[in-house]
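The values are calculated or read from the model by the stated rules, or taken from the named source; none is laboratory data. From a predicted model like this one, the values you see are computed outputs, not experimental measurements. All Cβ positions, even for glycine, are placed from backbone atoms using ideal geometry, and neighbour counts span all protein chains on display. Side chains included, ligands, DNA and RNA excluded: accessible areas come from the protein's heavy atoms. Shrake-Rupley method; radii C 1.70, N 1.55, O 1.52, S 1.80 Å.
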Amino acid sequence: MPLSPDDSPGLLLWHATLRWQRDLAAVLAPLGLTHVQFVLLACAWWLNSQGEHPNQLTLARQAGTDVKMTSQVLRTLEQKGLVEREVDPADTRAKRLRVTDAGADLAPRAIAAVELADARFFQPVPLDEALPLLRRLARPDPETPPPTASP
């Protein structure tokens, strides 16, 4: 028996996600970043601050993004002067990433803007309730097979 739309967790999550994405797009637009550009810049900045100069594959894994899309977005961030991609001396097929001074200036400001938007968005739900649920949804048990459609 189909659920009513108000009782469909998937539909509710979809609506919540769309609202959250709109909120983030609104705070990132004045900084000249899309959401995915922000995620990749913030992840690269964080990894650099930990003394790492990741390649594109490492950054994609950190961000949870598709490798090809990551490469395309990094090209845009490079054109904006926010990251530099340098050939890895150990593997000439790989590119090592370094956030530029402009990127290092922008990343923490963008992170602060996104954290403020997140705080407003998630304000109705206490973090001690929201975080465990979001962690479970974001990182499902690898032992659990994905659901299959019924014939």
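Restricting attention to the stretch 67-102, the residues that are of a type outside the set (S, T, N, Q) and within 15 Å of LEU41 (Cβ to Cβ) add up to 17. Of the residues making up the stretch 44-73, those that are touching a strand residue (DSSP E or B) at 6+ places or on another chain (Cβ under 6 Å) and not in a helix (DSSP H, G or I) are HIS53, PRO54, ASN55. Note on the stretch 74-94: among residues that are part of a helix (DSSP H, G or I) and closer than 12 Å to GLN56 by Cα, the one that is most open to solvent (accessible area, probe 1.4 Å) is ARG75. Quick one: is LEU24 among the aliphatic types (A, V, I, L, M), under 22 Å from LEU106 (Cα atoms) and assigned to a loop (DSSP other than H, G, I, E, B)? Answer is no for this residue.
Kindly check whether there is at least one residue in the stretch 130-137 that is open to solvent by less than 40 Å² (accessible area, probe 1.4 Å) and either at pLDDT 95 or above or part of a helix (DSSP H, G or I) (or both). Yes, the stretch 130-137 has at least one match. Restricting the stretch 1-43 to residues that are touching a residue at least 40 places away in the same chain (Cβ under 8 Å) and touching a His at 6+ places or on another chain (Cβ under 9 Å) leaves a set whose member that is nearest to ALA130 (Cα to Cα) is LEU24.
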